[in-house]
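Asks: Below: one structure in structure tokens.
The values are calculated or read from the model by the stated rules, or taken from the named source; none is laboratory data. Note that this is a predicted model, so its numbers are computed, not measured. Cβ coordinates were reconstructed from backbone atoms using ideal geometry, including for glycine residues, and neighbour counts include every protein chain displayed.
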Amino acid sequence: MEAITQNLRTDYLSMTLCQVRRMMQSDDDIGIGVDLVEMKRFRSISDDSSFFARVYTERELEYCRAFSNPVPHLAATFAGKEAVLKAIGIREGTPIKEIEILRDREGAPYVEYNLPTHRIIVSLSHTENYAAAVALAIPAGRSLGDEYIRKLLNGMASELAATHGDEDE
């Protein structure tokens, strides 16, 4: 039964990616980025590590450390930053700290990054073992039905994390 569930999740994720690709076919300037990270990587980093200062802004750290267990939030934020880099097509050399993943009053993630040519929509999710993120970079002034896109990305991030969520530990 577990294998069937795994296959259904993978099929759902593939179908959702196909929907996004169809919407993007009319415009090569739209980018999509996906990232998946293991929680255990973040559980092993000590609080005094320079990693946090290199990767996270003060506002991100403040948000994540406000939780009794900051690890899922740190991992999801990191995955979000990586997904944004992939969506905007920036390679090595761009300081990841320049991409800031914040939350609005309802807790929905949003991106602050100085990229006037695009707006970025991001979705984050996590399970006990994995954090996942999906980001979409849309040319400024172009509308794709943001509410629909956000729901689609939320489903993709949740399924990506869930697809791998029960494999270890």
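Asks: Condition first: surrounded by fewer than 22 Cβ atoms within 10 Å (Cβ to Cβ), farther than 27 Å from D29 by Cβ, of a type in the set (A, V, I, L, M) and touching a Pro at 6+ places or on another chain (Cβ under 9 Å). Can you find one or more residues in segment 57-72 that meet it?
Replies: yes
Asks: So for segment 85-98 (the condition being modelled with pLDDT under 90, surrounded by 11 or more Cβ atoms within 10 Å (Cβ to Cβ) and hydroxyl-bearing (S, T, Y)), does at least one residue qualify?
Replies: yes
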